[in-house]
Structures are given as C-alpha cells and as structure tokens.
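The values are calculated or read from the model by the stated rules, or taken from the named source; none is laboratory data. What you see is a predicted model, and the numbers here were worked out from it, not measured in a lab. Neighbour counts run over all protein chains shown; Cβ positions are idealised from the backbone, glycine included.
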Amino acid sequence: MKEIALHLLDIVQNSVKAGAAHVDIGFALAQDGTLTMTVRDDGCGMSPEFLERVRSPFVTTRTTRKVGLGIPLLMQNAMQSGGHVDIESEPGSGTTVTAVFLTGSIDCLPLGDLASTMATIIMGSPDAPEFSLRCESPSGRMDFSTEEIRAVMEGVSLAEPAVVQWIQESLKEEIEPILGGIMS
Amino acid sequence: MKSLAELEAIRKATLSRINVRTEEKGETTRVVIGMATCGIAAGARPVMMAFMDEIQKRQLPHVTVSQTGCVGMCRLEPMVDILEPGKEKVTYVHVKPEMVPRIVAEHIVNGRPVQEYTIGAAENA
C-alpha cells in the first residue's frame, strides 16, 4: 500500500464483515510525530486462539482461498517506520486495532487521501454500520459521523454519488488543517 | 464541516432523481469494483472515485456503483464489472481513473463496451 489511508480502507472491511453496528476510527498525531490510528468495532470479535494466529498471512475467514494479507501488510508498514500494531479482541464485544506510525521516519508512509478513503468506505457500506472519524493533532480536532449525515438525509442512501461527493469534499476541508503536514 | 443546509439541498435533488429510477425499474446498470486488499493496493480507490464523479457529472440516475471482494485474479486488478439488464457482463481490467470517462461515455451511455480495456483483450494480448 502507498498510503496509511489505504490500509484503513482495507482493514475496515474486517469490521464490516464482523457485523459491527459501529466502527469508530481515530487518527491522533502527537507533537513528537507519532501517529496512532485506531479502528474500534463492536462486531463479533475473535476467540483468543484466532487472535493469536490472525497476524499470519495464512489466516483468513474467507473460504475461497487460504491467504489474508490485510493485517500482515499493515504490520509491515507500521513496523517499517519504527511503530507497531496492537489487536485487542473479545468474542461478542468487538475488536480494536491500533497501528502506530513514527511519521518522522523516512520509511513511514504518508497518511494519504483519508477523505477519499472515508467516502469509499461509506459508499461500500451505506446502510450499516455507522462510522465515526476523529482526527486530532496539536493544530486541532475534528469529528465526523455517518449518524449525523443519515439524520439529515432522512432515508436517502448515503451511497448516492452526490452525497458521497459531499462527504469527501467536506472531510477534505476539515482534515487538511489538522493532519495536512503528514498527508503526502 | 460544509453546511448541513447544502446536504439538505442534495437530499431534495436526489429524491427527484430516485423517482426517475423507480419509474425505470429493472433498467438499472450496475458498476461493481473489486475492493479487497489486492484491488486497493492496485489503485481501486481512485477508480471508484472517478466513477462517482463521472456519474454525478453526467447525472445518470439509473447507474449504481458498488464494491466486491477478491475474485482471485489479483494480477488483473483494479477490475470493474459492468452489468446491464439483459446483456452479458463486461469485465474491465487494469482500470485507471483516466480510463473511466471513456468507459462511462462509450459503454454506459452509448452501449458500446470499450473492447481494448476488457479482460478478453488483456488475456489475448
């Protein structure tokens, strides 16, 4: 992957497949350049046995083939920057994936186009789960949630091109002042 | 955030277009984009955004865009299927955002698939 935002797009699929009702996404950039990405869902969670093996590229819930590279690729890129990935999970209550990137490292990926990733995620699962996004850095904080948008749309699908476009543009405007320094 | 009033205007405009879609029931064209790890790594996200832009620009109420997983041909990603009612599925491979306006104009609007971008052309090359 060329962007941290692309890893987000990839691993959020896991939360969707886990039947989550809520997926809370966070990006926190600290003064020292440490970027912490969190994806917390209330999906079906993983058993301790599965959790232990989930970092292996040869573990997947798919039945069509035996490889699953989402988490291994995320780990590779986090570790390459000097960071790491933590996965906490409990059957029945959900999973939290935390990926830490040291943005000062020359080997750290750029954050990339987070607004397009969010738009694509929402387009892919327009009815459920509800997604929220929080971005924070020493320059400020922003919050976004699909629940808010859905309330205004009153039954019109969030997958409508005009809505997706609005979400992408409004997120772009809001994320830029907070995380603009690490986007490219 | 951009104003929620703007979003309200979008809702109203969309509602009238949805009515058009309901009247033309069964005539929906589906654009399906591979969005698994392989598709994303190969560049499916900008392709998806390009389809949304183009459909929005041309105001095509009968076209829907959706996502699918990995179909096992990762080397051909980004892949896009176009499904029109009563016609055979057309699969485009190695799709780039620059190719999208032509696919929308020639295939979706005018009904002539862009042969050179299809899986058939790629496999016979």
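The figures follow:
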read-out	value
Test: residue in segment A:66-73 that is surrounded by fewer than 16 Cβ atoms within 10 Å (Cβ to Cβ) and either more than 14 Å from every other protein chain (Cβ to nearest Cβ) or in contact (Cβ under 8 Å) with a residue 60 or more places away in the chain (or both)	no
Some residue of segment A:112-130 being closer than 17 Å to A:LEU73 by Cβ and in contact with a Phe, Trp or Tyr (Cβ under 9 Å, 6 or more places away or on another chain)	no
Cβ-Cβ under 8 Å pairs, at least 6 apart or on other chains, segment B:62-74 side within 9 Å of another protein chain (Cβ to nearest Cβ) and surrounded by fewer than 19 Cβ atoms within 10 Å (Cβ to Cβ), far side among the charged types (D, E, K, R) and in a loop (DSSP other than H, G, I, E, B)	B:GLY69/A:ARG62; B:GLY72/A:ARG65
Residue match in segment A:118-128 (condition: over 25 Å from B:ILE55 (Cβ atoms) and either under 17 Å from the mean Cα position of the chain (by Cα) or assigned to a strand (DSSP E or B) (or both))	no
Any chance A:THR120 is farther than 21 Å from A:LYS2 by Cβ, within 14 Å of another protein chain (Cβ to nearest Cβ), touching a Lys or Arg at 6+ places or on another chain (Cβ under 8 Å) and not aromatic (Phe, Trp, Tyr)	no
When residues of segment A:1-18 are limited to those that are out of contact with any strand residue (DSSP E or B) (no Cβ under 9 Å at 6 or more places or on another chain) and not in a helix (DSSP H, G or I), the one nearest to the other protein chains (Cβ to nearest Cβ)	A:MET1
When residues of segment A:124-171 are limited to those that are free of Cβ contacts under 8 Å to residues at least 40 places away in the same chain and among the aromatic types (Phe, Trp, Tyr), the one nearest to the other protein chains (Cβ to nearest Cβ)	A:TRP166
Helices (runs of 4 or more DSSP H) fully within segment B:1-87 counting 2 or more residues that are at pLDDT below 95 and under 14 Å from the mean Cα position of the chain (by Cα)	B:44-58
Unique match (being at negative phi, among the hydroxyl-bearing types (Ser, Thr, Tyr) and surrounded by fewer than 19 Cβ atoms within 10 Å (Cβ to Cβ)) among A:THR60, A:THR95	A:THR60
